[in-house]
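Comments concern the structure below.
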Amino acid sequence: MKRVLPSAGFTLIELLVVILLISILAATAASRFFTTDDIQPQQQRDAVINLLRQVQMQSMQDSSGVYSRCPTVLLQMNVAGIARQNACNASASFTVDSSDLSQISTSGSTVSSSAGSLPLYLRFDSWGRPRSSCSSGCTISFAAGGATSSLCIEASGYIGAC
């Protein structure tokens, strides 16, 4: 009498169905772990770094002296941008305009600085070193949805993520 053993293993269709179900569950779970709130502080930090580097380069290229034009980044609670009015004064400001590419919206994030409270006026000397409240270096942090991203301005003038 010949014994017939049941086939060991799974069919290709069964494997495909299981893989499909696992991938659907993984995609659903991943969207709960990786939200846009986690990315937002990093994007804001990178945009502000680019803005600071732009103003730093303007300060270094000002052959008539940095005090004549005073390139200034103004960091407020909901927006950061290059000061257009009274740039050399403590009352430096700009008009918020969503179409202005030199302005970065920081709404949705909590912005804080080791250099003091906001608004924060960031200026550089002709060597690219920070002046005033950030002259000995400072850290600016952006936080939203449990994610935090920081940028550091060193006393030597280096600006980068930290």
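Listed values, structure above:
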item: Residue that is modelled with the highest pLDDT [pool: residues in the stretch 29-81 that are small (Gly, Ala, Ser) and loosely packed, with under 13 Cβ neighbours inside 10 Å]; result: ALA29
item: Any chance SER136 is in a loop (DSSP other than H, G, I, E, B) and free of Cβ contacts under 8 Å to residues at least 24 places away in the same chain; result: yes
item: Hey, PRO130 of a type outside the set (A, V, I, L, M) and over 19 Å from the mean Cα position of the chain (by Cα) or not; result: yes
item: Complete set of residues in the stretch 125-141 that are modelled with pLDDT of 90 or more and buried (at least 21 other Cβ atoms within 10 Å of the Cβ); result: PRO130, ILE140
item: Filtered residue count, the stretch 84-121, keeping only those that are over 23 Å from GLN40 (Cα atoms), touching a Cys at 6+ places or on another chain (Cβ under 8 Å) and either among the charged types (D, E, K, R) or touching a residue at least 24 places away in the same chain (Cβ under 8 Å) (or both); result: 1
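The values are calculated or read from the model by the stated rules, or taken from the named source; none is laboratory data. All values reported here derive from a predicted model rather than from experimental measurement. Backbone-built Cβ (ideal geometry, glycine too); neighbour counts: all protein chains shown.
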